[in-house]
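Before any comments, here is the structure.
Derivation of every value follows stated rules applied to the coordinates shown; laboratory data play no part. Not measured: the values here are computed from a predicted model. Backbone-built Cβ (ideal geometry, glycine too); neighbour counts: all protein chains shown.
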Amino acid sequence: MTKYDKDYFKEKFPNLTKEINNKSKTVKIDGIRTDSKESEKAAKPDRESGPTAVDFIRLCDSEEEAVEIINYLESEEKISLEYAKKLRNQLTHKGLRSFGSKRTAGEYSSTE
């Protein structure tokens, strides 16, 4: 590790110095996504297009209802065949609540 002069660094990089010294700023992380495309969508939610497949799945009381939702969204081409398979696989192997806690009608956020 190389030593540096703090005053020189502060003079040359004032904004970076402010960022380094401001330790009170935090970023809340709601979940972990392994698919980079999904994380990009989550970082920029487009709520004008309506609820996501996961929003609908979280309304379900049973895995059978969730499968019906996935099948419907796939048949209407609201989600891709690949994404539908991924959702079914998660449902089968991890269960209904792996998509998040049960939502009640009227809640409109997949991050709650």
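What nm value, rounded to one decimal, do you get for the distance between residue 76 and residue 21 when each label is placed 7 Å out toward the C-beta?
With each label point 7 Å from Cα toward Cβ, the separation is 5.5 nm.
Given H placed 1.01 Å from N in the peptide plane, which residues other than close sequence neighbours of residue 59 have an amide H under 5 Å from its amide H?
103
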